[in-house]
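Asks: Once you've had a glance at the structure underneath, I'll fire off some questions.
The values are calculated or read from the model by the stated rules, or taken from the named source; none is laboratory data. None of these values were measured; they are calculated from a predicted model. Glycine gets a Cβ as well: all are built from the backbone with ideal geometry, and neighbour counts include every protein chain shown. Only protein heavy atoms, including side chains, enter the accessible area calculation; ligands, DNA and RNA are left aside. Shrake-Rupley method; radii C 1.70, N 1.55, O 1.52, S 1.80 Å.
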Amino acid sequence: MELAKKDIRALSKEALQDFFKAQGHQAYRADQVYQWLWSKGVHDFDKMTNLSKDTRFLLDTHFTINHIAVDQQQRSKDGTFKNAIKLHDNRIVESVLIPAKDRTTACVSSQVGCSLDCKFCATAQLDRMRNLNVDEIFDQVVAIDQQSRTYFDIPLSNIVFMGMGEPLMNYNNVLGAIEKITSPDGLGMASKRITLSTSGIPKLIRKMADDKVKFNLAVSLHSAVQETREKIMPFSKKFPVDELLSSLEYWYEATQKMITLEFIVWKSINDNLDEVRALINFCRRVPTKVNLIEYNPIGDDAFEQASNEAMSMYQKKLTAARITNTIRRSRGKDIDAACGQLANKAHKK
Ligand code: SAH
């Protein structure tokens, strides 16, 4: 009977060292293998060319390297790429490569579907199937880095956790993947070029601060008025705006890192003065900058992009209150790769 092989990337370096020792090999083999897996991102024992054939065979009899495959790639008119990523259990998530003048950004997924229920987001209409594991998150970054090199001649420079899923509901794996992405043993990318975006789960924002993370934080606020926010993001009944705010104060205290607030302005929902005032009061409590995001319609009539006048009002009032703000135009809309549009559409036909 063949024993079920274990995914080698589920092992820590120490566990891999123990494996080699138990097999009568020297422990430093583990460092070599670890480097192939996490620094070079190889998916095949045969590519580990500084190991003997016997060692590669030994690994192959005990382990697999579960990995993702880019199943489908779409390219937008504006240069954005969207990848449908097939996981080892055939589930699909999406990730996006967004090119700018002299940098490229990967937008990666953290869950299959999403645990939360934001009314305006296409991903939320899918059920949460499962969390992605560390290597599935890591592999998205490696695949997009390769695309960045192939199509734009530069290595990937930035990563945002703004794909499918709520990263904080998959806390350990997301932080585990970021550790592999940033560590000198891994891809060695700079933490300050990574941004985790959350819908705002106060307890876990505090935990990140306690864990002394080095990456940036973005929060999808969309309204600083509790009644409004719980209508559009029902899960936030459990996490009131006040609690969210105090967790952000805690975060800033611990990290000294300014927080980005993502804010969509919708017609008849938050395009009024009270909402702007509430946002300004929120921003006065903790150093933040506001990203006003264009709404990408997902086929629900309840939500409509606010008028240009309303957007200008937001900009004017925020600027007058000395709060840094920008309008973020969406990329990749024509291929459903823009914020809130990731829903495996191409696979649903
Ligand atoms: N769950 C995390 C990560 C997803 S990020 C979070 O909410 O932050 C995806 C970003 O796109 C979030 O800021 C989200 O609020 C925003 N978004 C969702 N649906 C959108 C839509 N239809 N148009 C524009 N932005 C949208």
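Asks: For the stretch 186-196, what are the residues that are part of a loop (DSSP other than H, G, I, E, B) and either within 16 Å of the ligand (Cβ to nearest atom) or open to solvent by less than 20 Å² (accessible area, probe 1.4 Å) (or both)?
Replies: Of everything in the stretch 186-196, just one residue is part of a loop (DSSP other than H, G, I, E, B) and either within 16 Å of the ligand (Cβ to nearest atom) or open to solvent by less than 20 Å² (accessible area, probe 1.4 Å) (or both), namely G186.
Asks: Of all the residues that make up the stretch 125-137, how many are over 24 Å from G176 (Cα atoms) and either open to solvent by less than 20 Å² (accessible area, probe 1.4 Å) or part of a helix (DSSP H, G or I) (or both)?
Replies: The number of residues fulfilling the criteria is 1.
Asks: I'd like the full set of residues that are open to solvent by less than 20 Å² (accessible area, probe 1.4 Å) and either in a loop (DSSP other than H, G, I, E, B) or within 15 Å of the ligand (Cβ to nearest atom) (or both), limited to the stretch 140-156.
Replies: Correct list: Q140, L156.
Asks: For D153, indicate whether it is without any contact (Cβ under 8 Å) to a residue 12 or more places away in the chain and among the charged types (D, E, K, R).
Replies: So D153 passes the test.
Asks: Could you go through the stretch 63-84 and let me know if any residue there is within 22 Å of D7 (Cα to Cα) and within 16 Å of the ligand (Cβ to nearest atom).
Replies: No, because not a single residue in the stretch 63-84 is within 22 Å of D7 (Cα to Cα) and within 16 Å of the ligand (Cβ to nearest atom).
Asks: Read through the list (1) surrounded by 16 or more Cβ atoms within 10 Å (Cβ to Cβ); (2) farther than 24 Å from L187 by Cβ, then give the number of the only condition that A22 fails.
Replies: Of everything listed in (1) surrounded by 16 or more Cβ atoms within 10 Å (Cβ to Cβ); (2) farther than 24 Å from L187 by Cβ, A22 misses just condition (1).
Asks: State whether one or more residues within the stretch 94-113 are within 19 Å of N173 (Cα to Cα), in a loop (DSSP other than H, G, I, E, B) and either outside the structural domain of F152 (by TED's automatic domain parsing) or open to solvent by 20 Å² or more (accessible area, probe 1.4 Å) (or both).
Replies: no
Asks: I'd like the full set of residues that are more than 7 Å from the ligand (Cβ to nearest atom), open to solvent by 10 Å² or more (accessible area, probe 1.4 Å), within 19 Å of A190 (Cβ to Cβ) and not polar (S, T, N, Q), limited to the stretch 157-169.
Replies: Matches in the stretch 157-169: V160 only.
Asks: Still on this structure, please answer the following. Select from the stretch 197-236 the residues that are open to solvent by 20 Å² or more (accessible area, probe 1.4 Å), in a loop (DSSP other than H, G, I, E, B) and closer than 24 Å to N325 by Cα and write down the one among them that is nearest to the ligand (Cβ to nearest atom).
Replies: Of everything passing the filter in the stretch 197-236, V225 is nearest to the ligand (Cβ to nearest atom).
Asks: Can you list the strands (runs of 3 or more DSSP E) found entirely within the stretch 246-349 that contain at least 1 residues being within 13 Å of the ligand (Cβ to nearest atom) and crowded, with 18+ Cβ neighbours inside 10 Å? Can you show your working first?
Replies: Values: elements: 259-264, 288-293, 325-328.
By residue number, 259-264, 288-293.
Asks: On to the next question. How many residues are in contact (Cβ under 8 Å) with a residue 60 or more places away in the chain and either part of a strand (DSSP E or B) or more than 18 Å from the chain's Cα centre (by Cα) (or both) when one looks only at the stretch 171-185?
Replies: 1
Asks: Out of the residues in the stretch 25-49 that are in a loop (DSSP other than H, G, I, E, B) and of a type in the set (V, I, T), state the one that is most open to solvent (accessible area, probe 1.4 Å).
Replies: T49
Asks: What are the residues in the stretch 96-119 that are within 12 Å of the ligand (Cβ to nearest atom) and in contact with a helix residue (DSSP H, G or I) (Cβ under 6 Å, 6 or more places away or on another chain), if any?
Replies: Selection gives V108, S110, Q111, C114, S115, L116, D117, C118, K119.
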